[in-house]
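The values are calculated or read from the model by the stated rules, or taken from the named source; none is laboratory data. Source: prediction; values computed, not measured. Cβ atoms come from the backbone with ideal geometry, glycine included; neighbour counts cover every protein chain shown.
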Amino acid sequence: MSFEREVYAASRRFARSDDRRAWWELIVSLTLYAGAMVAGLSSIGNWWLMVPAVVVAAAMGLRIYMIQHDCLHRSFFTSRNLNDRVGTLLSPIAMTPYRATRYIHGQHHTYVSDLERRDTFEIFTMTLTEWKSAPAWKRLQYRIYRSPVLLILIGPFVLYGVLRRMPLYGFKTGVGDLILHNLLLGGYLVLIWWLSGWGGIAFWAASFYLASVFGALIPYVVHNFEEIYWGRRPELTFKTAALEGSAVLDWGRLFDWVTMNIGYHDLHHLNAKIPGYKLGTAHAELEAEGLLHSRKIGFWQGLGCLRWKLYDEENGRMVPFPLYQRRGRVTAAE
């Protein structure tokens, strides 16, 4: 048995949903989110209360998004229908239609680290070879796209605030899902406006913005670290891509709890049926057994990953933008 198969086989013992644990995680998350929203909406103008309320609402909004993410994999509850129903009802807080997101996220898992299907990734990566041969306008376009300001501070808010309202791939999975999602979201925003006016809408927007910005760092870092492996099939296998095309975010226990352990991303890609509330324990046990040797990235190291822009196929690593290009030769990177 190959090493990758051995790790996958060992991971299967954790790939069992626990309905009691799932309901507890859901109830705690919704209670804390509702409490933060009520505190914030009832204290408009009182910054001493609004600021911490925004932070808690953003953190719990991100956690609810991660619970919906587990529902997408139908790993949160034992029942397939219950996963789908809860995932749909959470969509106005998660800010993404359930069935459409399930489709595109499934594509991401299927083609992780596949250079031929980079269109399935939330963040597009150009290779160094492609950069060398690209015209000036295309390099400028890619530089702008990969800038931290656009990719982290602006892009996520636009993606989840605007583009996810009616994604084109959503027409493959059913227009009804898109309509239901937007009706639920519209009703939620009307309720906020009715309770607290435009100040309440601003409070909600602030919490959503914080959640989307911080949440955007997660897929960026776990799939854009320096030693990441990208390849092409048939040499590229699913299990190798999962273990070498994803990293672990070592950002502390609070981060793990808020994000439902999504930072243990290599194991998640290897076996997406492991629910988030078991993922941290599963990773620790498999690591103790010598079956996992993850690339772990601290928070400040994660911010440092923002400098990696291009994939160097020859050396098998991410690199920054070249300082300059002259007569077809790329010099030292900045």
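Annotations
- Considering residues of region 115-129 that are touching a residue at least 12 places away in the same chain (Cβ under 8 Å) and acidic (Asp, Glu) only, the residue farthest from Ala241 (Cα to Cα): Glu122
- Which numbered condition Val86 fails, given (1) at pLDDT 95 or above; (2) in a loop (DSSP other than H, G, I, E, B): (2)
- Selection within region 258-274 - within 15 Å of the chain's Cα centre (by Cα), farther than 21 Å from Gly304 by Cα and not β-branched (Val, Ile, Thr): Met260, Asn261, Leu267, His268, His269, Ala272
- Test result for Thr240, surrounded by fewer than 15 Cβ atoms within 10 Å (Cβ to Cβ), assigned to a helix (DSSP H, G or I) and either polar (S, T, N, Q) or modelled with pLDDT under 95 (or both): no
- If the condition is being touching a residue at least 24 places away in the same chain (Cβ under 8 Å), aliphatic (A, V, I, L, M) and more than 25 Å from Asn83 (Cβ to Cβ), then region 16-50 contributes Ala36, Leu41, Ile44, Met50.
Okay, residues lined up against (1) assigned to a helix (DSSP H, G or I); (2) touching a helix residue (DSSP H, G or I) at 6+ places or on another chain (Cβ under 8 Å); (3) closer than 22 Å to Asp266 by Cα; (4) β-branched (Val, Ile, Thr):
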{"position": "Val112", "(1), (2), (3), (4)": "no, yes, yes, yes"}
{"position": "Glu116", "(1), (2), (3), (4)": "yes, no, yes, no"}
{"position": "Thr129", "(1), (2), (3), (4)": "yes, no, no, yes"}
{"position": "Lys132", "(1), (2), (3), (4)": "yes, no, no, no"}
{"position": "Arg139", "(1), (2), (3), (4)": "yes, yes, no, no"}
{"position": "Phe157", "(1), (2), (3), (4)": "yes, yes, no, no"}
{"position": "Tyr160", "(1), (2), (3), (4)": "yes, yes, no, no"}
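- Neighbours by Cβ (under 6 Å, 6+ apart or cross-chain): first from region 269-297, within 22 Å of Thr237 (Cα to Cα); second aromatic (Phe, Trp, Tyr): Leu270/Tyr8; Ile274/Phe14; His283/Tyr264
- Exclusive hit being free of Cβ contacts under 8 Å to residues at least 60 places away in the same chain, within 28 Å of Tyr33 (Cα to Cα) and crowded, with 16+ Cβ neighbours inside 10 Å, set Ile218, Ile152, Ile179: Ile218
- Considering region 164-205, the residues that are of a type in the set (A, V, I, L, M, F, W, C) and in a loop (DSSP other than H, G, I, E, B) include one that is farthest from Ile93 (Cα to Cα), namely Leu168.
- Scanning region 268-327 for residues that are of a type in the set (Val, Ile, Thr) and crowded, with 16+ Cβ neighbours inside 10 Å yields Ile274, Ile297, Val319.
- Unmet criterion (only one of (1) of a type in the set (A, V, I, L, M); (2) closer than 30 Å to Ile201 by Cβ; (3) in contact (Cβ under 8 Å) with a residue 24 or more places away in the chain) for Val112: (2)
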